[in-house]
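Asks: What follows is a structure written as structure tokens; I'll ask about it next.
The values are calculated or read from the model by the stated rules, or taken from the named source; none is laboratory data. Computed from a prediction, not measured in an experiment: that's the story for all the values here. Counting neighbours? That spans all protein chains shown, and the Cβs are built from the backbone with ideal geometry, glycine included.
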Amino acid sequence: MGATPKDIPYGLPHPAKLALLAGSMLALTLAVTLASAAQGVSELATAVTRARQAELAQFVRHDCGSCHGLTLRGGLGPPLTPEALAGKPAAYLKTTILDGRPGTAMPGWRPLLPDAEAAWIAHRLLNGVPDAR
């Protein structure tokens, strides 16, 4: 025997309630994820001052550029252009910046760069580093 309307709250059949619940959970998860991603970008901007951003852009062009090429198109190290880094997560790049790559010439910069600055550099590498003059 099937369920009667009084057994099902609001007159919705059981599968429809599950679909509604699943859809609501998906929407909530998406909203929280997007909000935290937006907050992360906002925190990067406030954690690294404009003056420090200019210094970091120069650091990338000159210090990183000494191995990766002054135009970041490759040298001793691989290219660091947005095209070359496409598909790599910012967190992966940040870890590489901070801890280096064992067995390669890539040093870790953790003694010199705080996490927020390494995150800023990773974000800029993925989106293009401004010219440092």
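Asks: Restricted to region 95-112, and to residues that are hydrophobic (A, V, I, L, M, F, W, C) and surrounded by fewer than 16 Cβ atoms within 10 Å (Cβ to Cβ), which residue is nearest to Gly75 (Cα to Cα)? Break it down into steps so the answer makes sense when it comes.
Replies: Filtering region 95-112 for residues hydrophobic (A, V, I, L, M, F, W, C) gives 97-98, 105-106, 109, 112.
Adding the requirement that they be surrounded by fewer than 16 Cβ atoms within 10 Å (Cβ to Cβ) leaves 105, 112.
On the way: Ala105: 12, Leu112: 23 Å.
Filtering first and then ranking leaves Ala105.
Asks: If we only count helices (runs of 4 or more DSSP H) wholly inside region 28-113, which ones have 1 or more residues that are in contact with a Lys or Arg (Cβ under 6 Å, 6 or more places away or on another chain) and modelled with pLDDT of 95 or more? Talk me through it step by step, then tell me what you get.
Replies: Details: elements: 50-59, 65-68, 82-85, 90-99.
Because the criterion is at least 1 residues that are in contact with a Lys or Arg (Cβ under 6 Å, 6 or more places away or on another chain) and modelled with pLDDT of 95 or more, the helices (runs of 4 or more DSSP H) in region 28-113 that meet it are 90-99.
Asks: Hey, another quick one. In region 114-133, how many residues are in a loop (DSSP other than H, G, I, E, B) and of a type in the set (Val, Ile, Thr)? I'd like the intermediate steps shown before the answer.
Replies: First, the residues of region 114-133 that are in a loop (DSSP other than H, G, I, E, B): 114, 128-133.
From the residues that got through so far, the ones that are of a type in the set (Val, Ile, Thr) too are 129.
Number of matching residues: 1.
Asks: Here is a list: Ala57, Ala86. Which entry is surrounded by 13 or more Cβ atoms within 10 Å (Cβ to Cβ) and within 16 Å of Val129 (Cα to Cα)?
Replies: Numbers: Ala86 fails: surrounded by 13 or more Cβ atoms within 10 Å (Cβ to Cβ).
One residue alone meets the criteria, Ala57.
Asks: Given (1) over 16 Å from Asp63 (Cβ atoms); (2) of a type in the set (Phe, Trp, Tyr); (3) touching a helix residue (DSSP H, G or I) at 6+ places or on another chain (Cβ under 7 Å), identify the lone condition not met by Trp109.
Replies: (1)
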